[in-house]
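The values are calculated or read from the model by the stated rules, or taken from the named source; none is laboratory data. What you see is a predicted model; the values in this text were computed from it and never measured. Note that we place each Cβ from the backbone using ideal geometry, even for glycine, and neighbour counts take in every protein chain shown.
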Amino acid sequence: MRILVVGSGGREHALVWKIAQSKLVDKVFCAPGNGGIAGLAECIDIKADDVFGLLGFARKERIDLTVVGPEVALSLGIVDEFEKSGLKIFGPNIKAANLEASKVFSKELMAKYKVPTAEFKVFNSPEEAKKYIDEIGVPCVVKASGLASGKGVVVAGTIEEAKNAVTSMMQAKIFGEAGVQIVIEECLSGEEASILVITDSKDVVTLVTSQDHKRVFDNDEGPNTGGMGAYSPAPIVTPDILEEIKQKIIYRAIDGLVQEGIGYRGVLYAGVMLTKDGPKALEFNVRFGDPETEVILPRLKSDLVEVMLAASEGRLSKIGSLEWDSRACVCVVCASAGYPGNYPKDKEITGLDQAGRMPDVVIFHAGTRQMENTILTNGGRVLDVTALGATIKDAINKTYAAVEKINFEGMHYRKDIAKKALK
Ligand code: AMP
Ligand code: GLY
């Protein structure tokens, strides 16, 4: 088979790495890819949101299965366009992608189909929103309805902060049209976990649990990022809790979509908070998580391509459950100076070969490019250093031992990834 992976981050490197191991696969392409992916796949200079450029390429190259990494392409209807042309693609269609692209759609679906989630209200007017904030007080959570690269959520501790969020989203339009409609939610507390499944609407295959670290600094301080590291499994999600999450969150959401006439094929990712009243859904994503994928796929023993192909053809029932490595996996993100704010690029990275040769270590590139024989930084998140270990503690030690071999000017990373799992 000839496979095309769409995207350019650490998640896509992990997907390409796993896909390239499949005995079904002859050749992997990645659009646009990065400096690390280039070692495993042919990188094609087409952007992830260029739906028609990708379609033209897939047709010309007779691609057998396209796997979509980022949400943007899904929300632009890449799956609908490929299917119209008779091409196989793994991911949800444009209507189902609204589960991530519209928080209003997502929250209303949850309310209608009784998926436990924070109480909420939708606003189209900033004055009404601010009046509501005065009524409910703080803490509260202000969310832009549309896609905002993970930056559209403000957990406000003061009235002023909450109202400022409304002003910047609805009036200053810092997220453009994505913030014209907002959701204001009750603030929940508890530990978070990511639950990812693959589904074809009829059957569900559950992936191992994981947890990411969204804040930039140790002890969950500083601004939110795309994710500074992750670990799997998330021991806080016991088998009983996982079953409850599946029954009340995952299945209800999928069945709800089906009742609305919307089929779902692809990965469904529930961001869950384990509150004292049980698990509640914070959000749904319609794609693999990043950096969760980097700790999930190294543990997967089954052939991912078989599963994705089955889901995209609506015959997931033939797959049964997946086989997993019982070891734990930890991923530490090495980021550029200044990230998640502005950052420089083109810093030479050293130590990659030495770190990559350590046992049980895999280094996924998140934002790099290759120039002759050197690898240069080319993004905010640069490298996802990942290791398997017999225990979480062992995986932590191996990951940080590898991180210490790597360097580039201004590199920073969290020192406490997965520590929570040791408690
Ligand atoms: P989301 O993009 O909706 O997952 O939100 C990003 C992050 O904001 C989550 O991972 C939580 O840490 C936090 N968050 C979102 N919604 C809530 C809520 N209702 N209560 C508390 N924290 C929240
Ligand atoms: N790790 C969070 C996300 O993928 O949205």
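Couple of notes before you dig in:
- Residues (of a type in the set (A, V, I, L, M, F, W, C) and within 16 Å of ligand 1 (Cβ to nearest atom)) located in the stretch 268-306: LEU268, ALA270, VAL272, MET273, LEU274, ALA281, LEU282, PHE284, VAL286, PHE288
- Of the residues making up the stretch 231-259, those that are in contact (Cβ under 8 Å) with a residue 12 or more places away in the chain and part of a helix (DSSP H, G or I) number 17.
- For the stretch 153-173, the tally of residues that are within 24 Å of GLY289 (Cβ to Cβ) and either of a type in the set (D, E, K, R) or in contact (Cβ under 8 Å) with a residue 40 or more places away in the chain (or both) stands at 1.
- Comparison of GLU161, GLU244 shows that the only residue that is closer than 19 Å to GLY150 by Cβ and either away from ligand 1 (no atom under 13 Å from the Cβ) or of a type in the set (S, T, N, Q) (or both) is GLU161.
- Residue in the stretch 264-287 that is within 16 Å of ligand 2 (Cβ to nearest atom), part of a loop (DSSP other than H, G, I, E, B), in contact with a Gly (Cβ under 7 Å, 6 or more places away or on another chain) and modelled with pLDDT of 95 or more present: yes
- Conditions (1) surrounded by 21 or more Cβ atoms within 10 Å (Cβ to Cβ); (2) hydroxyl-bearing (Ser, Thr, Tyr); (3) away from ligand 2 (no atom under 16 Å from the Cβ); number of the one not met by SER22: (1)
- Residue check, SER336 more than 14 Å from ligand 2 (Cβ to nearest atom) and surrounded by fewer than 18 Cβ atoms within 10 Å (Cβ to Cβ): no
- Within the stretch 105-123, the only residue that satisfies the criterion of being under 11 Å from VAL183 (Cβ atoms), of a type outside the set (A, V, I, L, M) and assigned to a loop (DSSP other than H, G, I, E, B) is GLU119.
Here's the yes/no breakdown for (1) in contact (Cβ under 8 Å) with a residue 60 or more places away in the chain; (2) under 24 Å from PRO291 (Cα atoms):
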position: GLY53; (1), (2): no, no
position: ARG62; (1), (2): yes, no
position: GLY69; (1), (2): yes, yes
position: LEU74; (1), (2): yes, yes
position: GLU81; (1), (2): no, no
position: LYS84; (1), (2): no, no
position: LYS88; (1), (2): yes, no
position: ASN93; (1), (2): yes, yes
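- Qualifying residue in the stretch 210-220 (condition: over 28 Å from SER336 (Cα atoms) and in contact (Cβ under 8 Å) with a residue 60 or more places away in the chain): no
- Among the residues making up the stretch 134-178, those that are under 25 Å from ARG381 (Cβ atoms) and in a loop (DSSP other than H, G, I, E, B) are GLY146, LEU147, ALA148, SER149, GLY150, LYS151, GLY152, ILE174, PHE175.
- Only one of PHE105, PHE120 that is within 12 Å of ligand 1 (Cβ to nearest atom) and closer than 24 Å to LEU257 by Cα: PHE120
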